[in-house]
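Rule-based calculations on the coordinates, nothing more; no lab input. Worth saying up front: this structure is predicted, and the values here are computed from it rather than measured. So basically every Cβ, Gly included, is an ideal-geometry build from the backbone, and we count neighbours across all protein chains shown.
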């Protein structure tokens, strides 16, 4: 399974492919995707084996006498070489095969027409091998250039997620299931505002460049809206929805969840058709932060209703796209994050995110069917709690008998 893997911060062992990767200067560390190409040493061995095989076949033909096998079969070596070796090596092997074929035909007098036919077939196959190798190499070069452009585009879209914001620590991961492309339709953006950090995680319908374009528009609009002073989270979500609606096609949409963390111990969410985040409390309880009513995705005119939850120091929150929740094993069983509580409780937040991806790939056991984005967040201890945002006079409950859910009208859940 070939995956594109992204993480930020310090180097760490890749739970997917075992390599160490580092995102330098906010960039993204990427695994080569698509069919694995032989390394230089492996290609050298392939060329040597084919050279020896062609030579051995010619020697066997010479020792066995005439008319055992047609000399055109010597062109099989160059044909195989054209699948993996460079045009220069393929040409050298084709020339050697033609030379051996001419030598074998020269020792068979009396049949000039047949000998010419054998050499002509061998020559045509050798030329075909060289042309095939040249075309394959050119296609690989174009694909590499397209991958490089896509990598730059992805790096510009998925900006660096800080490991710390006000009142929380963060760990973000992105895994692409694309075999050839490095660009997916997931979006993840964190605005580390000094007062109340905000973030957006979502998933666009479809894949490829149209999905990337829509994701770029959503994230850019989110950044711009957060930069405007005085806007509530619900208003930010409406601005993003307007931008997505203008850019989306008739069947395009974006599932998204907007979040804002108040250092006083409040988490406000606006959910637009996205899987709700999971809360793992400091005492080990896991629950979904579901809204009163789900809104439709962005681009489909959602009726947005913010929900406010209390959070405590040591709580952890898992925001993810449906690629994580809908991943199945070969028996059709879904991946269940609630079965990974020991991994999510890892004291090292970065190791917890890596461990969750490792559990995911072990569960699936094959190529992922969808991109996966996740944001794992740990709430820092808060010295005092303030009133819930948008609900004057509402105080946080000191115990954790239940989460406090506040609708837009201020009624508790």
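Taking label positions 7 Å along the Cα-Cβ direction at both residue 245 and residue 163, the computed distance is 4.2 nm, reported to one decimal.
Panel note: the C-alpha atoms of the range 230-294, placed on their principal axes, show extents of 46, 30, 16 Å (largest first). In percent, what relative contact order does the range 256-325 have, based on Cα pairs under 8 Å that are 6 or more apart in sequence? Once divided by the residue count of the range 256-325, the mean separation gives 36 percent.
Over the range 288-345, what relative contact order in percent results from Cα pairs under 8 Å that are six or more residues apart?
Working: 23 pairs, mean separation 10.0, N = 58.
Relative contact order comes out at 17 percent.
The gain in end-to-end length when the residue 59 to residue 106 segment is fully stretched comes to 15.5 nm, 0.36 nm per residue minus the alpha carbon separation. Measuring nothing but how far apart in sequence close Cα pairs (under 8 Å, 6+ apart) lie, relative to its length, the range 160-379 scores a relative contact order of 24 percent.
In the range 160-379, inverting the average of 1/r over every pair of distinct C-alpha atoms gives 17.6 Å as the Kirkwood radius. At an R0 of 56 angstrom, the distance between the Cβ atoms of residue 366 and residue 231 translates into a FRET efficiency of 0.80.
At q = 0.19, 0.31 Å⁻¹, work out log10 I(q)/I(0) for the range 295-343 with the Debye formula, treating every Cα as an identical point scatterer and leaving solvent out; two decimals please. Result of the Debye calculation: -0.93, -1.15. Treating r as the C-beta distance of residue 293 and residue 144 and R0 as 45 Å, the FRET efficiency rounds to 0.40.
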